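The values are calculated or read from the model by the stated rules, or taken from the named source; none is laboratory data. For clarity, every value in this text was computed on a predicted model and none was experimentally measured. Don't worry about glycine lacking a Cβ; one is built from the backbone with ideal geometry, like all the others, and counts go over all protein chains shown.
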Amino acid sequence: MPDNSSTFPLVSIVCLTYNHRDYIGQTLDGFLLQRADFAVEIIVHDDCSSDGTCDIAREYATRYPNIRLIVPEENRYSKYGINFYFKYVIPQTRGKYIAFCTGDDYWIDPQKLQKQVDLLEKDVDCGLVYTKASIYWQKEGIFHREIGKKIDNFESLVFSNDIPATTNCIRRTLLDDYNNEIQPLSRPQWRYIDDYPIWLWAVQRYKFAFIDEVTTVYRILNSSLSNNKDATSALNYQLGVLDVLKHFLTMYGNDALTRKIINKNTVYLVPLYFTMRNFREIFRSIKLFAKSGDRFNVFWTLASLPLALLPGFFARKCFSVRNKILARTRKY
């Protein structure tokens with residue numbers, strides 16, 4: 001990437017990082033690898049890392065003038081949740097388009113931004129361009145599978161968020177309008193949910209463009225929130241997703257779709273309730289399944305009650321096997 005620090009950028013790359021010392025260099029190299037016919041700025045927000053991540057990012061910022069480093073005095077994620085960037089990072093960007101990538105993921109296609117911006121510039125009704133990503137399991141050291149597929153309507157998106165966060169390039173006005181209308185910082189239940197509510201809101205207002213190519217790598221760490229083994233953190237995450245879905249289903253869904261989606265996501269919560277031995281929520285879930293006529297999950301939840309007597313680790317293992325069986329026998 002040439003030095004274009006004196007030129008007004010068309011794209012702002014936003015990198016949110018925290019304790020990513022072993023990965024941030026590869027992430028920044030992926031940004032600098034980009035070959036584009038427009039100016040790009042790179043905004044790195046280090047959220048008070050304690051492992052030296054900030055030192056590495058500062059070294060890059062010294063060498064490359066188009067990298068700007070933001071270092072707050074306190075950890076903003078712990079105070080505001082993931083949506084802190086709407087208040088503290090987005091206002092620092094100057095680009096017409098914004099591309100996100102966390103400090104543990106990385107880009108592998110030098111033409112990623114060029115391809116995305118070409119599509120956005122051609123169609124003013126397009127608000128988002130995203131691609132496929134390859135999943136890399138850090139602990140095992142293996143590439144697992146590819147994620148990402150074409151999404152063009154609200155119903156398909158509420159069933160599954162198939163837009164890899166690390167691949168997107170977004171029209172800046174989309175983010176501004178979303179923030180002004182939805183005000184995500186005022187919704188504490190969403191503090192752990194990153195981009196999903198943005199897409200659910202935006203798909204009703206903008207076109208989404210999908211490039212069927214792998215341009216990025218999404219790294220799975222043991223501490224990744226969506227893969228957290230701590231039952232409380234995982235429960236808070238899933239409850240946040242459910243709250244997001246309820247909000248947008250109220251706005252854009254219908255009764256049948258709402259029942260189906262809420263049932264589907266309650267199925268994800270039940271194993272966590274078992275792990276925490278929260279019998280109140282287990283029986284509330286059974287009641288919800290029964291009320292909606294979902295005898296299948298009433299049966300499975302009742303049949304799984306003995307698992308609550310097992311230690312948490314074994315209960316999670318049993319539910320993992322159970323959910324794989326359910327995925328093969330029932331399609332939501």
remark   = When restricted to A327, A256, the only residue hydrophobic (A, V, I, L, M, F, W, C) and either touching a strand residue (DSSP E or B) at 6+ places or on another chain (Cβ under 8 Å) or modelled with pLDDT of 75 or more (or both) is A256
ask   = Got a number for residues in region 137-184 being closer than 16 Å to Y97 by Cβ, of a type outside the set (A, V, I, L, M) and in a strand (DSSP E or B)?
value = 2
query = Taking region 45-60 as the search range and keeping residues that are of a type outside the set (V, I, T) and crowded, with 17+ Cβ neighbours inside 10 Å, which one is nearest to V117 (Cα to Cα)?
reply = H45
note = Counting only residues that are among the polar types (S, T, N, Q), modelled with pLDDT of 95 or more and within 23 Å of R205 (Cα to Cα), region 122-165 contains a total of 1
ask   = Got at least one residue in region 22-31 being outside any helix (DSSP H, G or I), surrounded by fewer than 21 Cβ atoms within 10 Å (Cβ to Cβ), in the same structural domain as R187 (by TED's automatic domain parsing) and at pLDDT 95 or above?
value = yes
task = Could you please find all residues in region 67-87 being more than 21 Å from the chain's Cα centre (by Cα) and crowded, with 21+ Cβ neighbours inside 10 Å?
result = I67
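Is it fair to say S12 is in contact with a Ser or Thr (Cβ under 9 Å, 6 or more places away or on another chain), outside any helix (DSSP H, G or I) and not hydrophobic (A, V, I, L, M, F, W, C)?
Answer is yes for this residue.
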inquiry  = Here are the criteria: (1) closer than 17 Å to T215 by Cα; (2) surrounded by fewer than 17 Cβ atoms within 10 Å (Cβ to Cβ). Tell me which single one Q183 does not satisfy.
reply    = (1)
From the options I42, I90, residue that is closer than 29 Å to G141 by Cα, in the same structural domain as C169 (by TED's automatic domain parsing) and either surrounded by fewer than 16 Cβ atoms within 10 Å (Cβ to Cβ) or out of contact with any Pro (no Cβ under 7 Å at 6 or more places or on another chain) (or both) = I42
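Out of the residues in region 254-277 that are part of a helix (DSSP H, G or I) and of a type in the set (D, E, K, R), state the one that is surrounded by the most Cβ atoms within 10 Å (Cβ to Cβ).
The residue in question is K260.
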